[in-house]
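The next block holds one structure in the form of structure tokens; read it before the comments.
Read-outs throughout are calculated quantities, based only on the coordinates presented, and are distinct from any laboratory measurement. What you are looking at is a predicted structure, and each value in this text was computed from that prediction instead of being measured. Don't worry about glycine lacking a Cβ; one is built from the backbone with ideal geometry, like all the others, and counts go over all protein chains shown.
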Amino acid sequence: MTKHDATFLRHFSMIIAGLMVFTVFLILFASHLYAGFTAREGADGTSPREAARIAKVDERIKPVGAVYAGETGRAAMLAAAEAARAAAASKVAYGGTLDGSVIYGNLCGACHTAGVGGAPKMEMAAWSGRISQGMETLVKHATEGFQGDAGIMPARGGNPSLTDEQIAATVQYMVDSMQ
């Protein structure tokens, strides 16, 4: 073995030893961090923030996410649906505003800006045939929902808390913004 080979092996061994020490340091540091996170978790392993998020999701899907069987289950399902309708009716979306631009920006624009699900984009070419049907028909389709050849318009834009006045104001805003 030459002097050059011995020098190379010595340097290579030092680099390998340094990497091993660095790896042990990283393992110990990660272990320390993990211990800090688990101390704040609940008994089931979830953090308080995650537990609150899960509870919100469970509450939101409870009316449609429950399992109902038989006649007793049907009665419970109808009662849950009625309770959900009553809760939605007691709330007014977007603070009751009749500013169509606010409602469009928060709800309708999600589909109508990009044409999601066959929703007509905010272009006169896509709306001329619809506008010719009259405002009453447009408001009716937005309120009750509509399934056409191109796509589906969910009832109340998918937000049951919208009032009829809010829907009419938003439809008027959409028609006015294209003219």
> Of the labelled options (i) 10.3; (ii) 22.7; (iii) 10.9, which one gives mean projected area of the Cα convex hull in nm² as computed for this structure?
Replying inline: (ii)
> Under a point spin-label approximation (7 Å from Cα along Cα-to-Cβ), what is the Ala81-Asp5 distance to one decimal in nm?
Replying inline: 8.5 nm
> For region 96-178, rounded, prolate or oblate, judged on the Cα gyration tensor with a ≥ b ≥ c (square roots of eigenvalues), a/c < 1.5 rounded, else prolate if a/b > b/c?
Replying inline: rounded
>> For region 117-158, I need the span (max minus min coordinate) of the C-alpha atoms along each principal axis, in Å, sorted largest to smallest.
In response: 24, 23, 16
> In percent, what relative contact order does region 42-174 have, based on Cα pairs under 8 Å that are 6 or more apart in sequence?
Replying inline: 26 percent
>> List the residues, sorted by chain then number, that are 5 or more residues from Met153 or on another chain and whose placed amide H is less than 5 Å from its amide H.
In response: Phe146, Gln147, Gly148
>> Under a Cβ-only charge scheme (Lys and Arg +1, Asp and Glu -1), can you give me the dipole magnitude of the chain about the Cα centre, in debye to the nearest 20?
In response: 640 debye
>> Among 118-125, 166-173, 104-111, 48-55, how do they line up by average Cβ neighbours within 10 Å per residue, starting with the highest?
In response: 166-173, 104-111, 118-125, 48-55
> Fully extended, how many nm does the chain gain between Lys62 and Asn106 (0.36 nm per residue separation, minus their Cα-Cα distance)?
Replying inline: 13.4 nm
> Lys/Arg Cβ at +1, Asp/Glu Cβ at -1, dipole of the chain taken about the Cα centre: which of Gly115, Ala80, Ala6 is farthest positive-ward?
Replying inline: Ala6
> Relative to the longest principal Cα axis of the chain, at what angle does helix 164-178 sit, 0 to 90 degrees, rounded to 10?
Replying inline: 80 degrees
> Among Phe29, Phe146, Ala169, which residue has its Cα positioned farthest towards the positive end of the charge dipole of the chain, with +1 placed on the Cβ of Lys and Arg, -1 on the Cβ of Asp and Glu, and the dipole taken about the Cα centre?
Replying inline: Phe29
